[in-house]
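Data block below; observations after.
The values are calculated or read from the model by the stated rules, or taken from the named source; none is laboratory data. These numbers were taken from a predicted model, which means no experiment stands behind them. Quick reminder, even Gly has a Cβ in these numbers, built from the backbone with ideal geometry, and neighbours come from all protein chains shown.
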Amino acid sequence: MTCYLNGTFLPLEDAKIPVLDRGFIFGDGVYEVIPVYHRRPFRLPDHLRRLSRSLGAIRIPSPHDDAGWTAIIMELVGRHDAPHQSIYLQVTRGVAKRDHGFPKDSVPTVFLMTNPLSLPSAEAVERGVPAVTATDNRWYRCDIKSTALLANVLLRQFALDQGAVESVLLRNGFLTEGSASNIFVVRDGVIATPPKSHLVLPGITYDVVADLSRMHGFPYEQRDIAESDVRTADELWLASSTREVLAITTLDGRPVGTGRPGPIFQRMYAAYQAYKREQCPAP
């Protein structure tokens with residue numbers, strides 16, 4: 001498998017970084033995960049805008065402009081056989097003597113790799129997936145797509161240990177997001193999700209759901225969502241770049257709504273698939 005590291009395409013097993021890279025020592029970096037359908041990156045400008053925001057938030061100058069990033073990504077996609085891929089892109093502050101303060105004149109480390117895209121199974125789409133609730137004990141800059149993901153790792157493992165696929169996170173009695181996804185609530189036919197803030201990652205799929213809601217006339221709102229609204233929802237969804245949109249049909253072992261993917265989800269899922277085909281058509 002070919003990857004990209006600091007200006008060079010090379011076999012993944014040959015890619016090496018110094019142990020003093022701040023991404024290794026501190027988790028001092030940011031990342032993106034970009035789905036690719038039919039060799040076409042999905043919503044790439046949005047991913048690059050979010051990458052730029054994350055880099056700016058932690059004061060790392062972007063090593064490339066959008067054209068440069070796009071050229072690297074397309075070259076990497078072209079070097080792999082799979083038509084559907086998942087690009088992982090990471091930028092760290094680079095190599096320096098270990099010290100918490102920012103080093104002077106460090107050169108960012110740039111790493112990209114790609115894998116075949118693994119989409120949710122037909123069974124997961126048709127039956128939905130289980131989730132559990134958990135206390136959101138992460139930091140207060142969740143809007144930065146940081147590589148320092150230990151809290152998210154522990155929260156996701158908390159779900160897996162209980163036979164669930166995701167932790168639905170609650171902070172001070174209100175919904176924030178999932179450990180690796182955005183969360184949507186449907187009540188009385190209205191799709192709702194928490195507003196963008198420092199407590200949630202501005203997900204690309206979050207924006208796709210908002211766009212499709214406007215395009216298809218689905219009632220949609222961004223608002224604070226109380227825990228009670230989560231637990232009494234007619235439908236509950238998770239959304240991310242690699243899982244697209246999935247219905248959560250049990251929460252903490254209890255059925256959500258009817259315990260099956262609901263009618264609003266089915267309409268949104270169909271709209272998402274049609275939009276994906278439009279944006280990334282087969283050759």
- surrounded by fewer than 18 Cβ atoms within 10 Å (Cβ to Cβ) and among the small types (Gly, Ala, Ser): does that describe Gly78? yes
- Go through segment 185-208 and count every residue that is more than 16 Å from Ile34 (Cα to Cα) and either touching a residue at least 60 places away in the same chain (Cβ under 8 Å) or not assigned by TED's automatic domain parsing to the domain that holds Asp143 (or both). 4
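Look at Ala247 and say whether it is crowded, with 21+ Cβ neighbours inside 10 Å and in contact (Cβ under 8 Å) with a residue 60 or more places away in the chain. Full working, then the answer.
Working: crowded, with 21+ Cβ neighbours inside 10 Å: yes; in contact (Cβ under 8 Å) with a residue 60 or more places away in the chain: yes.
Taking the combined requirement at face value, the residue satisfies it.
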- Task: Could you list, in sequence order, all residues of segment 48-73 that are surrounded by 15 or more Cβ atoms within 10 Å (Cβ to Cβ), out of contact with any Phe, Trp or Tyr (no Cβ under 7 Å at 6 or more places or on another chain), aliphatic (A, V, I, L, M) and farther than 18 Å from Phe26 by Cα?
- Result: Leu51, Ile73
- Which residues, counting only those in segment 220-243, are among the charged types (D, E, K, R), in a strand (DSSP E or B) and crowded, with 20+ Cβ neighbours inside 10 Å? Glu235
- Note on the structure: Sole miss for Glu32 among (1) closer than 24 Å to Pro116 by Cα; (2) surrounded by fewer than 17 Cβ atoms within 10 Å (Cβ to Cβ) is condition (2)
- Note on the structure: Residues of segment 143-188 being more than 19 Å from Pro130 (Cβ to Cβ), touching a helix residue (DSSP H, G or I) at 6+ places or on another chain (Cβ under 7 Å) and of a type in the set (S, T, N, Q), in sequence order, are Thr147
- Message: Just to be sure I understand, how many residues within segment 100-126 are under 30 Å from Asp21 (Cα atoms) and among the aliphatic types (A, V, I, L, M)?
- Response: 5
- Which of (1) free of Cβ contacts under 8 Å to residues at least 40 places away in the same chain; (2) under 14 Å from Glu227 (Cβ atoms); (3) hydrophobic (A, V, I, L, M, F, W, C) does Trp139 not meet, given it meets every other one? (2)
- Would you please list the contacts, defined by Cβ atoms under 7 Å and residues six or more apart or on different chains, that run from a residue in segment 160-181 that is assigned by TED's automatic domain parsing to the domain that holds Ile225 and touching a residue at least 24 places away in the same chain (Cβ under 8 Å) to a residue that is polar (S, T, N, Q) and surrounded by fewer than 16 Cβ atoms within 10 Å (Cβ to Cβ)? Leu170/Thr135
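Residues checked against (1) touching an Asp or Glu at 6+ places or on another chain (Cβ under 9 Å); (2) at pLDDT 95 or above; (3) within 26 Å of Ser118 (Cα to Cα):
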{"residue": "Leu170", "(1), (2), (3)": "yes, yes, no"}
{"residue": "Pro194", "(1), (2), (3)": "yes, yes, no"}
{"residue": "Pro219", "(1), (2), (3)": "yes, yes, no"}
{"residue": "Ala233", "(1), (2), (3)": "no, yes, no"}
{"residue": "Leu251", "(1), (2), (3)": "no, yes, yes"}
{"residue": "Arg254", "(1), (2), (3)": "no, yes, no"}
{"residue": "Gly262", "(1), (2), (3)": "yes, yes, yes"}
{"residue": "Tyr275", "(1), (2), (3)": "yes, yes, yes"}
{"residue": "Cys280", "(1), (2), (3)": "no, yes, yes"}
- Query: So is Pro45 part of a helix (DSSP H, G or I) and in contact (Cβ under 8 Å) with a residue 12 or more places away in the chain or not?
  - Reply: yes
- Name the strands (runs of 3 or more DSSP E) wholly inside segment 52-148 in which the number of residues that are closer than 29 Å to Val245 by Cα and in the same structural domain as Pro35 (by TED's automatic domain parsing) is 2 or more. 85-92, 109-116
